[in-house]
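Written out below as structure tokens is the structure these notes cover.
The values are calculated or read from the model by the stated rules, or taken from the named source; none is laboratory data. Because the structure is a prediction, the values reported are computed rather than measured. Neighbour counts run over all protein chains shown; Cβ positions are idealised from the backbone, glycine included. Side chains included, ligands, DNA and RNA excluded: accessible areas come from the protein's heavy atoms. Shrake-Rupley method; radii C 1.70, N 1.55, O 1.52, S 1.80 Å.
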Amino acid sequence: MRESMEKTDGMLTTSQLATMLSISESRIYHIISDIPHYKFGSSIRFDKKEIADWIQSKRVYTKREIKAKAEKRCKK
């Protein structure tokens, strides 16, 4: 029993993810196809590390960051 609990320690429920992202659970279900997740029967779980990576991939860069990247690329 303890081993199965350890495997899910890094997992979030839909409710926990909604709280973490400050959005409603219904919004989670609306965008579920864009979020990395696992289904166990009718239960949906989200891996904390995968969610952190997914959130990072949604980052919008500032104009200054984009300009710096472009300048760096042009210098090559």
Within the set of pairs 6+ apart or on separate chains, which have a first residue in the stretch 12-34 that is open to solvent by less than 80 Å² (accessible area, probe 1.4 Å), a second that is of a type in the set (S, T, N, Q) and part of a loop (DSSP other than H, G, I, E, B), and C-beta atoms under 9 Å apart?
Ala18/Ser24
Assess whether Ile51 counts as being without any contact (Cβ under 8 Å) to a residue 60 or more places away in the chain and in a strand (DSSP E or B).
no
Residue list for the stretch 39-48, restricted to those being open to solvent by less than 80 Å² (accessible area, probe 1.4 Å) and part of a helix (DSSP H, G or I)
none
Looking at the stretch 22-38 only, could you name the residues that are outside any loop (DSSP other than H, G, I, E, B) and in contact with a Lys or Arg (Cβ under 8 Å, 6 or more places away or on another chain)?
Tyr38
In the stretch 56-76, how many residues are assigned to a helix (DSSP H, G or I) and either open to solvent by 70 Å² or more (accessible area, probe 1.4 Å) or in contact (Cβ under 8 Å) with a residue 40 or more places away in the chain (or both)?
11
